[in-house]
Amino acid sequence: MTQDDELNNAYALKSPEDNRRLYARWADSYDSTFVAEMDYQLPFHAADAFVKAGGHGPVLDVGAGTGLVGERLTSQGVGPVDGTDISPEMLAVADEKKTYRSLFASDITQPMDVKDGTYAGIISAGTFTLGHVGPDAFDQLLRIAAPGALFVITINGEHFESEGFAAKLAALHSQIHDLKLVPVRYYGANAQGDHAKDEGKMAIFRKV
Ligand SMILES: C[S@@+](CC[C@H](N)C(=O)[O-])C[C@H]1O[C@@H](n2cnc3c(N)ncnc32)[C@H](O)[C@@H]1O
């Protein structure tokens with residue numbers, strides 16, 4: 001399967017169960033095929049933006065996947081970093097990187113068993129996108145974030161308006177401040193195929 005096929009399958013997912021199934025199959029080869037062949041940079045851009053904005057731990061990496069965000073954050077001295085993902089298979093790969101304090105499976109479209117105000121930072125790369133997680137999950141992430149917590153969330157550029165992300169961020173205006181929408185490229189110069197030039201936005205803001 002080419003990386004275009006993989007990406008088209010991922011964008012066509014319809015439910016959390018579809019996500020569980022696809023990422024269970026993809027987990028073992030994700031880093032060596034998708035990340036390597038597409039020169040996937042999004043998690044590194046998100047982590048670097050978090051550090052640049054003065055973020056600190058404890059941080060929750062949402063849709064942590066194989067743990068690329070956590071690895072980048074801890075390499076820059078940010079921690080502790082916890083990670084959550086709907087796919088236990090992806091989390092098993094993340095666990096091998098030995099950079100997370102704790103990894104736990106959860107469907108972030110459902111209520112999470114995490115106390116209010118737990119995290120000083122919330123970060124997410126590649127998860128708020130078509131076929132994955134929509135903007136309503138922001139409510140729960142705000143609940144588990146401490147006052148003043150820093151958020152860096154990448155959002156698919158093509159679907160930013162149509163999937164309701166722009167409207168949701170506008171509706172949250174009394175709960176967040178210092179919102180910046182920073183354009184970001186998903187892939188580096190070595191990417192090939194239809195998605196090579198995909199762009200998104202990083203929503204960077206703080207909880208009031
Ligand atoms: C494209 S991967 C990104 C993984 C990692 N952040 C990265 O940038 O490499 C999307 C991740 O979102 C996770 N995911 C999809 N739906 C989810 C949900 N409802 N709750 C939690 N995680 C979900 C998938 O299992 C997958 O690991």
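Only the coordinates and a few stated rules stand behind these numbers; no lab work does. Note that this is a predicted model, so its numbers are computed, not measured. Virtual Cβ from ideal backbone geometry, glycine too; neighbours counted across all protein chains shown.
Odds and ends about this structure:
- Between region 61-95 and region 1-44, the Cα center-to-center distance that results, in Å: 16
- DSSP-loop trypsin sites (Lys or Arg not before Pro) across region 1-84, with at most 10 other Cβ within 10 angstrom: 14
- Comparing mean-square fluctuations of 196, 24, 171 from a GNM of the chain with C-alpha springs under 10 Å, the top value falls on 171.
- Charge context of residue 145, other residues only, Cβ under 10 angstrom, K/R +1, D/E -1: +2
- Local electrostatic count, residue 51, Cβ distance below 14 Å [Lys/Arg +1, Asp/Glu -1]: -1
- FRET efficiency for residue 98 and residue 5, using Cβ-Cβ distance with R0 set to 30 Å, rounded to 0.05: 0.40
- What you get for the chain, charging only the Cβ of Lys and Arg (+1) and of Asp and Glu (-1), is a dipole of about 800 debye around the Cα centre.
- Packing rank of 143-153, 91-101, 177-187, where each peptide gets the mean count of other beta carbons within 10 Å, highest leading: 143-153, 91-101, 177-187
- The phi-based Karplus calculation (6.51 cos²θ - 1.76 cosθ + 1.60; θ = phi - 60°) puts the 3J(HN,Hα) values of region 127-140 at 10, 8, 7, 4, x, 10, 10, x, x, 5, 5, 4, 4, 5 Hz, whole numbers, x for Gly and Pro.
- When only Cα pairs below 8 angstrom with a gap of at least 6 residues are kept, region 111-200 shows a relative contact order of 28 percent.
- Normalised by the number of residues in the chain, the average gap of Cα pairs under 8 Å and 6 or more apart makes the relative contact order 23 percent.
- Largest mean-square fluctuation among 190, 19, 156, in a Gaussian network model of the chain whose springs join Cα atoms under 10 Å apart, belongs to 190.
- For region 149-208: relative contact order, % (alpha-carbon pairs under 8 angstrom, 6 or more apart): 53
- Extension gain, residue 194 to residue 75: 0.36 nm times the residue separation minus the Cα-Cα distance gives 39.7 nm.
- Positive minus negative residues near residue 161 (Lys, Arg vs Asp, Glu; Cβ under 13 Å): 0
- Cα-derived Rg to Rh of the chain, Kirkwood definition: 0.93
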